[in-house]
Amino acid sequence: MDDHLIGVLSNIGIVSFVALSAYLLLLTGEISFGQQAFFAIGAYAAGIATALWGWPLALALAAGAVSGAAAAVLVGIPTLRLHGLYFSIATLAFAEMVRILFELFRYQVEIDGEPVGPDGAAGFRNIRYIFDHNIDAVQFLLLIYALLAVVLLGFVWLERSRTGVAFRMIGEDETLAGLQGVAVARHKVLAAGLAGALAGVGGGLYAHLTTYVEPRIFDVMLGVHSLAYGLIGGLGTALGPLLGVLIDIGLLESIRALAGYRMIIFGGIVAVLLIVRPRGLLDERAVHGIGVLWRRMRRQT
Amino acid sequence: MRRMAAALFAMAAIGMAGAAEAQVRARAELRCEPAGEVLLYDCTVALSDRRTNEPLAGLAVTVGADMPSMAGAHSVRPVTAAEGPVKGTYRFRLELEMHGDWALQINLSGATRDRVVELLRFEDGRVGEAPPSRR
């Protein structure tokens, strides 16, 4: 397979994690501009675990997920009372705080006579696990998509579970959900934690794919895109954010004639869709329609 | 569904397994200069073994680029670098989408497999070191 294609597919897979992370919060009605912070925390935690402590990748990714989840819960609890714009601003402020903290974060260990580890604004290089363990690009791509498939199966389960219904109820009307007996605060913190874990795994994968991270990667641009993927692709199913990622990175990235204009086109698509389809291409109505069509086709065959 | 999830998880875990091997760690000294056209740059990279300082010759080298401030959003299709006259040097031409700070990913394959990331600031008519991220 072509190196560029593998790279683009890997990017699509990894960005899907942070897109799903923002989508999970959108289900509960919260718009977060700060999921990139948990992506960053996951990237640094997993990178430190393999490059400095010699942990296996599976444990390092788990560490990334746990760190992302823990940070998200820590942010989720004090922001429970915030809604709408106030919640969005709070998450954005937290993400910027995390990014600046990583600009100041230095933790290096000498390996083979050279310092390895986060070096503030200069970034964190030599996260060489895949090279030291002879994992080639295709194998890593399969790993990304295997984990993404596990996450999607988790979403299928969630959508059918009481927790998933509670998330959507809270997203529709928090007060009404509370009156119906839904533990709003507990579910919102749970959603924040799960979303943080998802972003953390994505960050861990990203750090190991590129072998290099720096605070600039985790700025507001990544957060805005993660949110936009759900809004473009649709909020009716977890496949919605993935469709958003495919449209942006898959379609726009592959049309080289659009080079340099991609962001303008992407912004235009977001603006148009927010007007004509406020809940994205695969919104609840579209998903229901597809489901009905699918069942009818199965009955006929 | 649970079985499918367990199978996928096992597949992912197997994919992550593997014994660590003492690999050659590459060092890259990268120089780029404008090639006469806007956003076109000629670059030379000198590759050596970090431990022994021996030049790394005879490798397949490709170079891709990404903007750290827009990770994954402006990936430049990797170009193949041709081996230069000096042992361990490779030359390539890079066409960027815009001026700014770029992280060049130098991918080595063949006898040695490694990736070195170098940051450079590409401007109109000049190339310099990319300063660390701003607050």
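Nothing in this text is a laboratory measurement; each read-out follows from the coordinates by a stated rule. Note that the structure is a prediction, hence the values are computed from the model and not measured. Cβ placement follows ideal geometry from the backbone for every residue including glycine, while neighbour counts extend to all protein chains displayed.
Classify segment A:1-45: rounded, prolate or oblate, from the alpha-carbon gyration tensor (a ≥ b ≥ c, eigenvalue square roots; a/c under 1.5 rounded; otherwise prolate if a/b is larger than b/c)?
Cα axes put segment A:1-45 in the oblate bin.
Report, in degrees rounded to the nearest 10, the 0 to 90 angle that the Cα long axis of helix A:184-210 makes with the longest principal axis of chain A.
So the helix axis and the longest Cα principal axis differ by about 40 degrees.
Once the Cα atoms of segment A:1-132 are picked out, what are the Rg and Dmax in Å?
Radius of gyration, then largest Cα-Cα span, for segment A:1-132: 16.5, 51 Å.
What number do you get for segment A:129-216 when its Cα radius of gyration is normalised by 2.2 N^0.38 Å, N = residues?
1.47
I'd like the distance separating the alpha-carbon centroids of segment A:178-243 and segment B:60-98, in whole Å.
31 Å
Hey, in the GNM for chain A with a 10 angstrom Cα cutoff, which one of A:V184, A:V98, A:V276 fluctuates hardest?
A:V276
If you build a Gaussian network model of chain A, linking Cα atoms that sit under 10 Å apart, which residue out of A:A95, A:A286, A:A22 swings the most?
So, out of A:A95, A:A286, A:A22, the one fluctuating most is A:A286.
Can you tell me the dipole magnitude for the protein assembly as shown around its Cα centre, using point charges on the Cβ only (Lys, Arg +1; Asp, Glu -1), in Debye to the nearest 20?
Here the protein assembly as shown has a charge dipole of around 1620 debye.
Positive end of the charge dipole of segment A:3-218 (Lys, Arg +1 and Asp, Glu -1 on Cβ, about the Cα centre): tell me which of A:Q35, A:L82, A:A72 has its Cα farthest that way.
A:L82
Between the DSSP loop rule and a limit of at most 11 other Cβ atoms within 10 Å, which chymotrypsin sites (Phe, Trp or Tyr not before Pro) in segment A:50-156 are left?
Listed in order of number, the matching sites are A:W53.
Using the 10 angstrom Cβ neighbour count as an exposure proxy, how do B:L56, A:L24, A:L281 rank, fewest first?
Going from least to most buried by this count: A:L281, B:L56, A:L24.
For a quick check of your reading of the filter: which trypsin sites (Lys or Arg not before Pro) in segment B:48-114 sit in a DSSP loop and have no more than 13 other Cβ atoms within 10 Å?
Passing sites in segment B:48-114 are B:R51.
Which shape class, rounded, prolate or oblate, goes with segment A:75-169 when its Cα gyration tensor gives a ≥ b ≥ c as root eigenvalues, a/c under 1.5 marks rounded, and past that a/b bigger than b/c marks prolate?
Oblate, because a/c is 1.5 or more while a/b does not exceed b/c.
Need the C-alpha centroid separation for segment A:103-135 versus segment A:273-297, integer Å.
45 Å
What FRET efficiency, computed as 1/(1 + (r/R0)^6) with R0 = 25 Å and r the Cβ-Cβ distance, is obtained for A:L179 and A:L82, rounded to the nearest 0.05?
In this case the efficiency is close to 0.75.
Given +1 on the Cβ of Lys and Arg, -1 on the Cβ of Asp and Glu, and no further charges, what dipole in debye does segment A:3-218 carry about its Cα centre, rounded to the nearest 20?
In debye, rounded to 20, segment A:3-218 gives about 600.
Can you run the Rg to Rh ratio on segment A:3-76? Use alpha carbon positions and the Kirkwood inverse-distance Rh.
Looking at segment A:3-76, the ratio lands at 1.03.
When chain A is modelled as a GNM with alpha-carbon springs shorter than 10 Å, which of A:A63, A:A122, A:A46 fluctuates the most?
A:A122
Per the Debye formula with a single identical scatterer at each Cα and no solvent contribution, what log10 I(q)/I(0) holds for chain A at q = 0.07 Å⁻¹?
Calculated log10 I(q)/I(0) at the listed q: -0.27.
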